[in-house]
Amino acid sequence: MATQLPPSGATGKKSAADASKDYGAASISVLEGLEPVRKRPGMYIGGTGKDGLHHLVWEIVDNAVDEAINGYATKISVTISADSRTVTVDDNGRGIPIDIHPKTGRPALEVILTTLHAGAKFDGGSYITSGGLHGVGSSVVNALSERLEARVRRDGVEWQQTYRRGKPKTDLEKVGPTRGTGTTIRFTPDPEIFGDQVFDADAVRAHLEVSTFLNKGLRIVFRDQASGLREEIVHEGGVVDFLDKLVKEAGAQLVPDRPFVVERTEDPRIDIALTWTDAPREIFRSFVNGIATPDGGTHEQGLKDAINKAIRNWVETHDITLPRGIKLSAEDIREGIVALCSIFIHEPQFQGQTKDKLNNPEVRAQIDGLVRQALESWLHENKSQADAILARCVLSARARQASRAATDTVRRKSAVNRRLNLPGKLADCSSGDADRSELFIVEGDSAGGSAKQGRDRNTQAILPLRGKVLNAEQATLKKVLENNELSDIVKALGCGIQKDFDISRLRYSKIILLMDADSDGHHIATLLLTFFYRYLRPLIDQGHVFLAQPPLFRIDAGKKSWWAKDEKERDRILARLPPRTRPEISRFKGLGEMMPKTLYETTLDPRSRRLLRVTIPDGAHLETEQVVGDLMGKDPAPRFREITEWMALVEDLDV
Ligand code: 28F
């Protein structure tokens, strides 16, 4: 780990003495009223659709997060009401000031909630903002809410004021004595602006989780009263936990066994975690002041510069001779990287209307300089990790050269004769780009039919299996190729078999076995895996083979529904439902029973499906050889022994 510094202030409250740097009403710069906000809401929250509606939540939550990352709050709670139309955010910070503002004669709280750009945050003081709308302030939320109630706890007294469409409905009123300090904002967006849209609990939860990843130790209690869900979200590991999540979501295997981390708490705050994986692409996620920058920008560019220079420098200073003819490009070095970059700066400049890209030029060199030096020393101190990473870079270079050579050959082969070789029952995808294409091998015609209807025709091909799949363990190559099902798979994949196997001709980057979740389906999957293991092993070794995980159960409770892949997950979901809920549980007997749209959403859609990548763990090759031979071979005795051994193991797991 490099430049590991004490975690940021989110875990402990600053002392009262520190609070002396407080701002009061005097430091609020009043700029203008709220009329423009209701006239052109899109100018302030990007739009009045789902994203705009949720920007209101991000703005209030980010103000609470600001209190926490500046060390004044340690706990935040966010609650969505039972009708999903009202959100309440609470923090145990100092409480928004209520002293009288000299210019307006009104309490600071009222000035902050009823005028645009009010607040010391705007004059670039030492207070760092993580503004979802870049800190334009909660007054925008107030203007666009049919009702907003603010409660402040300060100096042992709780105060309250309510507003309607940004206008005070009451004066600031004393509620009574209170312990502790903090702010509570409860608001209901205005249907005149947002229609009858309601809040999406999953979207809110995801945003809160990102805030806890980017501010290690920050605890946020999330409640969704519609589903009864209550969850405390905290990530002590910060960006390292975030990286773990991204690697798992990508279904990728780590190359080095621990990530490279930079955590700098002094100004500008920089948190970086990165690793290399076997995934055939690079994943960069970056943030500025807690705001996602999906289009990257100078922070991400600086990180990429640093990685490129550090690896090249490492190769030179250790005068490593690369294999003959191998030259590392920047893409080769970055292939397989999963990287997270979060910075907090005072005056972020975002590009264009969507504000998804950071522009500050000085940031690029700052990040490059800091990361390059830290990464070089990390590589130096972790030689075995460095070796594994370099091997990964060389593999990408080889694959790139091979695929360039292969695309040359494939270009020569006319598209027509390739099409001629394809099996009749293959419903191919329209994309010719293997990296984006996926082949689903589906059991049975009815499932095949649903999959063909539900799929994304651009990138997803379907090959339905009709007959019994041959047991390749007990068959010769000649027998295998005489079996229609197996020979159709070989034709669809396009990369040949055995001696004329050439992976660069593979037509799909993912080969996904989609079978019913019953013993028949498992048996067919086992036969297919035996075939891949015996005759198309590189496809497994290079991570192209997957098992789909269709849901077995659907649980309906009120307006919400969940999917469960097995009994265990079904019971976990049922346990989280509120006590008096009467859920409806339906079990899917087969894939063919599922509506195509449901099949897509739960099992085919890359954004929500769960795939199991078929891999042979390092050092398990011998054991795998043994198990496949025993399970699939002619002799029943070792099969029986193997199955009873595994059954005992499974029974233990169930206990
Ligand atoms: C539920 C959402 O909005 N929490 C907030 C504070 C605390 C202060 C503050 C906020 C003062 C003059 C700008 C308190 N004491 N949660 C929140 N907690 N804003 S918003 O001050 C606003 C500044 O202009 C605060 C002393 N200084 C600052």
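The values are calculated or read from the model by the stated rules, or taken from the named source; none is laboratory data. This structure is a prediction, so every number in the text was calculated from the model and none was measured. Every residue, glycine among them, receives a Cβ derived from its backbone with ideal geometry; neighbour counts consider all protein chains shown.
Scan segment 501-541 residue by residue and report those that are part of a loop (DSSP other than H, G, I, E, B), over 22 Å from N471 (Cα atoms) and modelled with pLDDT of 90 or more.
Passing the criteria: L506, R507, Y508, S509.
Could you please give the count of residues in segment 133-179 that are farther than 21 Å from G105 by Cα, among the β-branched types (V, I, T) and in contact with a helix residue (DSSP H, G or I) (Cβ under 9 Å, 6 or more places away or on another chain)?
The total comes to 3.
How many residues does segment 464-486 hold that are free of Cβ contacts under 8 Å to residues at least 24 places away in the same chain and of a type outside the set (K, R)?
8
Out of everything in segment 86-117 that is within 11 Å of the ligand (Cβ to nearest atom) and in a strand (DSSP E or B), what residue ends up being surrounded by the fewest Cβ atoms within 10 Å (Cβ to Cβ)?
The selected residue is T88.
Among the residues of segment 459-483, which ones are over 29 Å from D435 (Cβ atoms) and surrounded by 15 or more Cβ atoms within 10 Å (Cβ to Cβ)?
L470, N471, E473, A475, N483
When R312 is evaluated against the numbered criteria (1) in contact with a Phe, Trp or Tyr (Cβ under 6 Å, 6 or more places away or on another chain); (2) without any contact (Cβ under 8 Å) to a residue 24 or more places away in the chain, which criterion, by number, is the only one it fails?
(1)
In segment 232-245, how many are closer than 21 Å to R613 by Cβ and out of contact with any Leu (no Cβ under 7 Å at 6 or more places or on another chain)?
Qualifying residue count for the region: 2.
If a residue must be under 26 Å from K13 (Cβ atoms) and either within 42 Å of the chain's Cα centre (by Cα) or among the basic types (K, R) (or both), how many such residues does segment 84-106 contain?
Here the count works out to 12.
Which of the strands (runs of 3 or more DSSP E) found entirely inside segment 179-237 contain at least 2 residues meeting this: under 21 Å from the mean Cα position of the chain (by Cα) and within 16 Å of the ligand (Cβ to nearest atom)?
Ranges flagged: 219-224.
Counting only residues that are among the charged types (D, E, K, R) and more than 20 Å from K589 (Cα to Cα), which one in segment 435-454 is surrounded by the most Cβ atoms within 10 Å (Cβ to Cβ)?
Checking each candidate, the answer is E438.
Go through the residues of segment 554-562 one by one and say whether even a single one is modelled with pLDDT under 90, among the aromatic types (F, W, Y) and either assigned to a loop (DSSP other than H, G, I, E, B) or touching a Gly at 6+ places or on another chain (Cβ under 7 Å) (or both).
No; the residues of segment 554-562 include none that is modelled with pLDDT under 90, among the aromatic types (F, W, Y) and either assigned to a loop (DSSP other than H, G, I, E, B) or touching a Gly at 6+ places or on another chain (Cβ under 7 Å) (or both).
So is E32 of a type in the set (D, E, K, R), at pLDDT below 90 and away from the ligand (no atom under 11 Å from the Cβ) or not?
It is true that E32 is of a type in the set (D, E, K, R), at pLDDT below 90 and away from the ligand (no atom under 11 Å from the Cβ).
State which residue pairs qualify: first residue free of Cβ contacts under 8 Å to residues at least 60 places away in the same chain and within 21 Å of L375 (Cα to Cα) and inside segment 322-338, second residue small (G, A, S) and loosely packed, with under 15 Cβ neighbours inside 10 Å in any location, beta carbons under 6 Å apart, and separation of 6 or more residues or different chains.
So the pair list comes out empty.
Take segment 53-78 and flag every residue that is β-branched (V, I, T), within 11 Å of the ligand (Cβ to nearest atom) and either touching a Pro at 6+ places or on another chain (Cβ under 8 Å) or farther than 17 Å from E146 by Cβ (or both).
V61, V65, I76, V78
Would you mention how many residues in segment 280-293 are in a loop (DSSP other than H, G, I, E, B) and modelled with pLDDT of 90 or more?
2
If a residue must be closer than 22 Å to M515 by Cβ and either surrounded by fewer than 14 Cβ atoms within 10 Å (Cβ to Cβ) or among the polar types (S, T, N, Q) (or both), how many such residues does segment 554-584 contain?
3
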